[in-house]
Amino acid sequence: MKKLLTAAMLLSSVYAFAVDNGDAQNGQTKKNLTIEQIVGGMPEGIVNSIPTPVLWTDKENLVVSGKEGYELYNIRTGETTGYQMPKPKVEPSILDDLRKTVKNPTFSPDSSKIAYTKDNNLYVMDVATGEHKAITDDGSALILNGWSSWVYYEEILGRATRYKAFWWSPDSKKIAYYKFDDTNVPMFPIFNSAGKHGSLTETRYPKAGDENPKVEIAMVNLETGETVWADFDRNEDQYFGTPFWSAASDKFMVPWMPRDQNHLILYEVSPVDGSKKHIYEEKQKTWIDWIDDMVFTDNGFYMTRDFDGWEQIYYQSFDGKELVKLTDGRNWGTRILKLDEKKGLIFYTSRAEISTRYDLYRLDIKKHKSERISYGDYNFSNIVISPDNRYYAAIISNVSTPAKSVLVKTGKKPQVTVLGDAKGPEYDNYKIAEAKMLFIDVDGYRLPASIILPVDMDSTKKYPVIVSMYGGPNSGTVMDTWKAPSYGNQLWANEGVIQISIDHRASGHCGKEGVNHVYRSLGQTELADYIEWAKYLRSLPYVDADKIGITGFSFGGTMTVLALTDGAEYFKYGIAGGGVYDWQLYDTHYTERYMDTPEDNPEGYAFTRVWNRVNKYRGGEGSMLRITHGSSDDNVHMQSTMQLVDALQKENKIFELMIYPGGFHGYRGYQGAHSAKSDLIFWYKYLLGRELPEIFR
């Protein structure tokens, strides 16, 4: 049974917070910020710039990044001096020249060679002689050597790779690469209206249920010129994750999954003959995420896995004979920061004390015992640990405490030196938009939100609400961290609008069990939990139940439209950007991870076709949906929005639509400025019943 167990208690505490925020401190009445001050970037003295920890050069000297660039802080003397980062072995200007004509020029570890791709072929350049050698010669529009097929770039290897799909061995004597065959991958055309005749971008984009690219894995010995192919069948329906070389360069490690993504094997592949053996295997009933947090030793590696319902650290030997669980508890978002093999210690961060804050832990590998070495009710980020493990530096904050850059000496009682405080001398003299954490219990799951109430709030009045969210699986947006007062949050607080950011049970606060609720049913559990949040808001006497708006982009755009259709009783206004409105229209790897294929899960996919429920959207008086999309979006195609628009028109529903010509997944430059202004106009009109203030025009 769903219930708001904490509504009365939260009502009291939240209002008390609002009153405190407006009261006088130290005998001085706080000043309201004017709209001119907010739009102008806030008065000086409210927020200070603080140094960000970067790295330790030795056990006494910490490099920080600040307004003046890099600086070196000596922990013994407390003195700060200028610092110049070490120059690379080879001047990077050679890469700048190559980038003009080739893709992803990348130095070998010893800087003697540069690998790159051109026209979908892989090349290696000798830095000393300037000689260029072709590793492949069959590249084409459909055969890609060392250059990712789109779905691998977007979903597996990641956009940060810039399509790079080759990997140097540590000894610089070998290079491995993925070869993609896109022949049977459907082509999706994206029309660009610029110019007299326009143009088409043709992308091999596999939508849910379509055929994926076929992949082969090659390892090249640059000394002999021999290419060895890994022993995988290219015709299997499969995926390969991000691979890596062993420290000795004698093994190439390749993660593998079948298309169902519920079975993971890590293979050790020989660069001599291509033979493979599996050293780690995992199965789950729903889906498995790739291994992306690994620390290597000579004999094995440490990794974070969630197959027991929470994220734990494990040790896996390279021979496959030893798998050791090293942590316990309700850990999530676990990331290994440092391994000290000599002392038998691992330092890691995790959201274990509470799901909305990261803490720092020290793990005794031999005893399998962890202890928290962070302190207080703060979120810890940007952590760097000294070589002798006696100190760490970090940025700490929570929603009501401005960020601080700190140096901490570990021990039974941490000794803290504040390197910088974001709270400026004028901070307490103004009525600042500050957030507060909220929690509700739904079906036994504790769901978080952060809320910002209007300044000078009067609990006898009713205020409109803007709800922000994302909604994707394990992609929560609610964290107990400080956000500097800015144009984005201070404006609405001054204008009398409640701002709240919400998450659902599958956002990553409730372990893998919570995330598994979306399996084969994207959108359903998420919306049900969002409705519980709307019910909570409506229970507050100072909330205008008829003026609850919701907004999100990408997956958040999807959820916004669902909120204004299936959740139309609770959400009246919404801005949906770049959303997927039928998951059959999105790519294979992401969609099928959660939904399986359309053939295997027709009922689940049917629910995701939002246009089948647009008759529930009210539109017009007392309700309005604004839809935006970039016409050149290569991630979520504008096709999805066009099919939603067609369905709305068939139902004679009134809505707003803005297309950004040539825009991608997220609007930048003049399009970003236009989108931001248009959003302001929308909220002023529908939530406040007023025109946009003159200063914005």
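Spelling out what I want: for every residue of region 656-662, take phi, set θ = phi - 60°, compute 6.51 cos²θ - 1.76 cosθ + 1.60 (Karplus), and round to whole Hz; glycine and proline get x.
10, 9, 9, 9, 9, x, x
Excluding ligands, DNA and RNA, what is the solvent-accessible area per residue of region 172-220 at a probe of 1.4 Å, expressed in Å²? Kindly include the intermediate steps, with their values, before the conclusion.
Numbers: 2120 Å² over 49 residues.
I get 43 Å² per residue for this part.
Please give the direction-averaged projected area of the C-alpha convex hull for region 184-269, in square nanometres with one decimal. Intermediate results must be reported in sequence, preceding the final value.
Values: hull surface 36.4 nm².
Mean shadow area of the hull around the Cα atoms is 9.1 nm².
I want to check the label-to-label distance for VAL90 and SER400. Put each point 7 Å from Cα in the C-beta direction and report it in nm to one decimal.
Here the modelled spin labels are 5.6 nm apart.
May I ask you to list the trypsin sites (Lys or Arg not before Pro) in region 343-391 that are in a DSSP loop and have at most 12 other Cβ atoms within 10 Å of their Cβ?
LYS343, LYS366, LYS367
How large is ³J(HN,Hα) for each residue in region 199-214, as worked out from phi by the Karplus curve 6.51 cos²θ - 1.76 cosθ + 1.60 (θ = phi - 60°), to whole Hz, x for Gly and Pro?
Ordered by residue, 3J(HN,Hα) equals 7, 10, 9, 9, 10, 7, 10, x, 7, 3, x, 7, 6, 8, x, 8 Hz.
Provide the convex hull volume over Cα atoms per residue for the chain, in Å³.
Numbers: hull volume 130.5 nm³, N = 697.
Value for the chain: 187 Å³ per residue.
Below 8 Å between Cα atoms, with a sequence gap of 6+, how large is the relative contact order for region 426-543 in percent? Kindly include the intermediate steps, with their values, before the conclusion.
Working: 195 pairs, mean separation 34.8, N = 118.
About 29 percent, as a whole number.
What is the mean projected area of the alpha carbon convex hull for region 293-375, to one decimal in square nanometres?
Values: hull surface 21.2 nm².
Projected over every direction and averaged, the Cα hull of region 293-375 covers 5.3 nm².
Determine the dipole magnitude for region 463-592: charges of +1 sit on the beta-carbon of Lys and Arg, -1 on that of Asp and Glu, nothing else is charged, the reference point is the Cα centre, and the result goes in debye to the nearest 20. Mind showing how you got there, number by number?
On the way: 8 positive and 14 negative charges, 40 e Å.
Charge dipole of region 463-592: 180 debye, to the nearest 20.
Report the FRET efficiency, 1/(1 + (r/R0)^6), for THR227 and GLN524, where r is their Cβ-Cβ distance and R0 is 41 Å, rounded to 0.05. Working shown, then result.
Working: r = 48 Å, r/R0 = 1.18.
Efficiency at R0 = 41 Å is approximately 0.25.
Can you tell me the dipole magnitude for the chain around its Cα centre, using point charges on the Cβ only (Lys, Arg +1; Asp, Glu -1), in Debye to the nearest 20?
Working: 79 positive and 92 negative charges, 332 e Å.
Approximately 1600 debye in magnitude.
Taking R0 as 22 Å, what's the FRET efficiency between ASP119 and ARG99 from their Cβ-Cβ distance, rounded to 0.05? Mind dumping the intermediate values first?
Details: r = 15 Å, r/R0 = 0.69.
Efficiency computed from Cβ-Cβ geometry: 0.90.
Using modelled backbone amide H atoms (1.01 Å from N, in-plane), which distant-in-sequence or interchain residues come within less than 5 Å of TRP56's amide H?
For TRP56, whose amide H was placed from the backbone, the distant partners under 5 Å are VAL63.
Using modelled amide H (1.01 Å from N, peptide plane; none on Pro or chain starts), what sits under 5 Å from the amide H of MET253, excluding residues fewer than 5 places away?
For MET253, whose amide H was placed from the backbone, the distant partners under 5 Å are PHE244, TRP245, SER246, VAL269.
Between region 347-405 and region 173-244, what's the alpha-carbon centroid distance in Å?
Centre-to-centre distance over Cα atoms comes out at 40 Å.
Using DSSP to define loop residues, name the trypsin sites (Lys or Arg not before Pro) in region 539-642 whose beta-carbon has at most 13 other beta-carbon atoms within 10 Å. Don't skip to the end; give the middle numbers.
Working: sites: LYS547, LYS572, ARG593, ARG609, ARG613, LYS616, ARG618, ARG626; in loops: LYS572, ARG609, ARG618.
Answer by residue number: there is no such site.
Of the options THR560, LEU648, SER65, report the single residue whose Cα projects farthest towards the positive end of the charge dipole of the chain (beta-carbon charges: Lys, Arg +1; Asp, Glu -1).
Highest projection toward the positive end goes to SER65.
Would you mind working out the accessible area per residue for region 232-273, using a 1.4 Å probe, and quoting it in Å²?
On the way: 1500 Å² over 42 residues.
Each residue of region 232-273 exposes 36 Å² on average to a 1.4 Å probe.
Go ahead and estimate [θ] at 222 nm for the chain from helices alone: -39,500 (n - 2.57) per DSSP H run with n ≥ 4, summed, over the residue count, rounded to 500.
Working: 11 runs with 111 residues, N = 697.
Here the helix-only value at 222 nm equals -4500 deg cm²/dmol.
Out of the trypsin sites (Lys or Arg not before Pro) in region 407-485, which ones are loop residues according to DSSP with at most 12 other C-beta atoms within 10 Å? Each step should come with its number before you reach the end.
Numbers: sites: LYS409, LYS412, LYS423, LYS431, LYS436, ARG446, LYS461, LYS462, LYS483; in loops: LYS412, LYS431, LYS461, LYS462, LYS483.
Those that pass, being in a loop and sparsely packed, are LYS412, LYS461.
Label points 7 Å out from Cα along the Cβ direction at ILE654 and GLU341: separation in nm?
Label at ILE654, label at GLU341, 7.0 nm between them.
Which pairs, out of LYS67/LYS103; LYS409/LYS512; LYS133/LYS214, put more than 31 Å between their alpha-carbon atoms?
LYS67/LYS103; LYS409/LYS512
Distance from a point 7 Å along Cα→Cβ of ASN262 to each backbone N in region 289-316: keep the residues under 18 Å and list them by number.
289-290, 306-309
Counting pairs of Cα atoms in region 170-210, how many percent are more than 15 Å apart?
Details: 520 of 820 pairs.
For region 170-210, the fraction of Cα-Cα distances above 15 Å is 63 percent.
At a 1.4 Å probe radius, carbon and sulfur cover how many percent of the accessible area of the chain? All intermediate terms of the calculation are to be shown ahead of the outcome.
Details: 14150 of 30020 Å².
Taking all protein chains in place, the chain shows 47 percent carbon and sulfur surface.
From the P(r) of region 394-550, could you give the percentage of C-alpha pairs in the tail past 20 Å?
Values: 7009 of 12246 pairs.
Above the 20 Å cut-off, region 394-550 has 57 percent of its Cα pairs.
Take the cross-link list LYS173/LYS342; LYS207/LYS325; LYS436/LYS616 and give me the ones stretching past 32 Å between alpha-carbons. Intermediate results must be reported in sequence, preceding the final value.
On the way: LYS173/LYS342 29 Å; LYS207/LYS325 38 Å; LYS436/LYS616 34 Å.
In this structure, LYS207/LYS325; LYS436/LYS616 exceed 32 Å between Cα atoms.
Calculated FRET efficiency, SER317 and GLU202, Cβ-Cβ r, R0 45 Å, to nearest 0.05?
Working: r = 46 Å, r/R0 = 1.03.
Efficiency for this residue pair is about 0.45.
Determine the gain in length on full extension of the stretch ASP428-LYS285; use 0.36 nm per residue of separation and subtract their C-alpha separation, reporting nm with one decimal. All intermediate terms of the calculation are to be shown ahead of the outcome.
Details: separation 143, 0.36 × 143 = 51.48 nm, distance 5.24 nm.
Residue separation times 0.36 nm, minus the Cα-Cα distance, leaves 46.2 nm.
Compute the length gained on full extension between SER49 and SER140: take 0.36 nm times their separation in residues and subtract their Cα-Cα distance, giving the result in nm to one decimal.
Full extension from SER49 to SER140 adds 27.8 nm.
How much length is gained on full extension from GLU569 to ASP364, taking 0.36 nm per residue of separation minus their Cα-Cα distance? Please list the in-between numbers first.
Details: separation 205, 0.36 × 205 = 73.80 nm, distance 5.27 nm.
68.5 nm is the gain from fully extending GLU569 to ASP364.
Roughly how many nanometres apart are two label points built 7 Å out from the Cα toward the Cβ at THR183 and ASP646?
Here the modelled spin labels are 3.2 nm apart.
The values are calculated or read from the model by the stated rules, or taken from the named source; none is laboratory data. Quick caveat, the model's predicted, so the values are computed rather than measured. Cβ: placed from backbone, ideal geometry, glycine included. Neighbour counts: every protein chain shown. We work out accessible area using only protein heavy atoms, side chains counted, and drop any ligands, DNA or RNA first. Shrake-Rupley method; radii C 1.70, N 1.55, O 1.52, S 1.80 Å.
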